[in-house]
Amino acid sequence: MRTAIYGAGSLGTILGAFISKAGEPIELINRNKAHVEALNTGGANVVGTMEFNQKVTAYTPDKMSGTYEAIFLMTKQQHNKEVVEMLKDFLAPDGVIVTFQNGLPEMQIAEIVGEERVLGCTVAWGATMQSPGVCELTSEPDALSFSLGAISKKRNGHFDEVKKLLEHMGTVEVEENFIGTRWSKLLINASFSGMSAVLGCTFGEAAGPRDSRRIVQALIKECIDVCKAGGIRIEPVQGKDIVKLLDYSGAFKKAVSFFIIPIAIRKHAKLKASMLQDIEKGKLTEVDAINGAVSAYGRQIGFPTPVNDRVVEIIHKIEAGELKAGPDNIRLFDNLA
């Protein structure tokens, strides 16, 4: 099976390094010419909680040719329609796009290539690009896992091959209720990534202090409640039922939930949100596909999401230069939680 990782930044480079290390051919594609050159000349340097160097094959998009049975899509979503329209021409007749993107991207992709040619994958680990060719794995080795699912009742013929490739890096859970799995990851991103970007800090630093943890808890609760209102069952993450652990209806369970939050994220405490990394580079973020996706679903079913709405508002102001990511932004939530 010919496979490519399109948008091989920090996550894609590390995944590609693991797959290549196992002896499986995979092509890493990225627009960053310096990164591509570094990968081809010095290999993929994985640092952080695991460290190794691996020879890989990398290209810029203009060097793509032929067709692929599987394309792992790991770009930001701002230009998804244009990107997927382009990638469609490089898909084999039975080929599949496996989206690793945040939020709920599968339906938009399916509109372009068809439901049977779309798989969704969520990852339970994080990474940061340190420099061209050097990517830091920020999650602990025992947290390296994937959730893989389809939106079509009929799975693509390459499903098992995709699963096997991912297993070279970590465990793969096959999810029948994939929309519930998507919301599990969206809940984590909306709460911890959202606050990481707003406050300019790591997940652990957002979950630690009482004032910021209070907002993280409110974001988690809002995601749980909007799913309940919409009839969506949120799936466990790495065997942990996050709704059972973190949902509450009374003061005692709310206090327990508050206590658990920093413990629940401890394996990813060093992780810095990709949205914050974008802010630091002067780029636009994916907040509309993360917290904005929660808000959009709330509007769709008529359920209020004021805390997620506020995160979207703050991050857009940071993007516009009206605010800076930093701890002082916690005051902007004073009237909400």
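Data table
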| read-out | value |
| --- | --- |
| Alpha-carbon Debye profile of segment 143-232, log10 I(q)/I(0) at 0.16, 0.17, 0.25 Å⁻¹ | -0.79, -0.84, -1.12 |
| Residue order, fewest to most surrounding Cβ atoms within 10 angstrom, among 49, 75 | 49, 75 |
| Restricting segment 151-241 to GluC sites (Glu not before Pro) in coil, as DSSP defines it, with at most 13 other Cβ within 10 Å | 176 |
| Folded to 0 to 90 degrees: helix 306-319 orientation relative to the chain principal axis, Cα | 60 degrees |
| Residues of segment 28-67 with amide N under 18 Å of a point placed 7 Å along Cα→Cβ from residue 86 | 28-37, 58-67 |
| Relative intensity, log₁₀ I(q)/I(0), of segment 62-184 from a Debye sum that treats every alpha carbon as a point, q = 0.10, 0.18 Å⁻¹ | -0.31, -1.02 |
| Cleavage-rule hits (chymotrypsin sites (Phe, Trp or Tyr not before Pro)) in segment 18-70: DSSP loop, at most 11 neighbouring Cβ within 10 angstrom | none |
| Positive minus negative residues near residue 278 (Lys, Arg vs Asp, Glu; Cβ under 13 Å) | 0 |
| Karplus-derived HN-Hα couplings along segment 179-185 (A = 6.51, B = -1.76, C = 1.60, θ = phi - 60°), whole Hz, x at Gly and Pro | 5, x, 5, 4, 5, 4, 5 |
| Cα pair distances exceeding 19 angstrom across segment 176-327, given as percent | 50 percent |
| Inter-site label distance for residue 300 and residue 174 at 7 Å from Cα along Cβ, in nm | 2.7 nm |
| Neighbour-limited loop hits for trypsin sites (Lys or Arg not before Pro), segment 116-178 (at most 13 other Cβ within 10 Å; DSSP other than H, G, I, E, B) | 153, 154 |
| Relative exposure of 278, 142, 62, 225, judged by other C-beta atoms within 10 Å (fewest first) | 62, 142, 225, 278 |
| Exposure proxy ranking, count of Cβ atoms within 10 Å, fewest first, for 223, 121, 135 | 121, 135, 223 |
| Against the rule of thumb 2.2 N^0.38 Å, how large the Cα Rg of the chain comes out | 0.96 |
| Inter-label distance, nm, simple model (7 Å from Cα along the C-beta direction), residue 331/residue 24 | 5.1 nm |
| Residue 91 long-range amide H proximity, modeled H, under 5 Å | 68 |
| Euclidean distance between Cα centres, segment 83-103 to segment 215-236, Å | 29 Å |
| Using alpha-carbon coordinates, inclination of helix 291-301 to the longest axis of the chain, degrees | 70 degrees |
| Tilt relative to the chain, helix 10-21 - C-alpha long axis, 0 to 90 degrees, to 10 | 40 degrees |
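Values quoted throughout were computed directly from the atomic coordinates according to the rules given, and no laboratory measurement underlies them. Please read all numbers here as calculations on a predicted model, not as lab measurements. Using ideal geometry, Cβ is built from the backbone for each residue, glycine included, and neighbour counts are taken over all protein chains shown.
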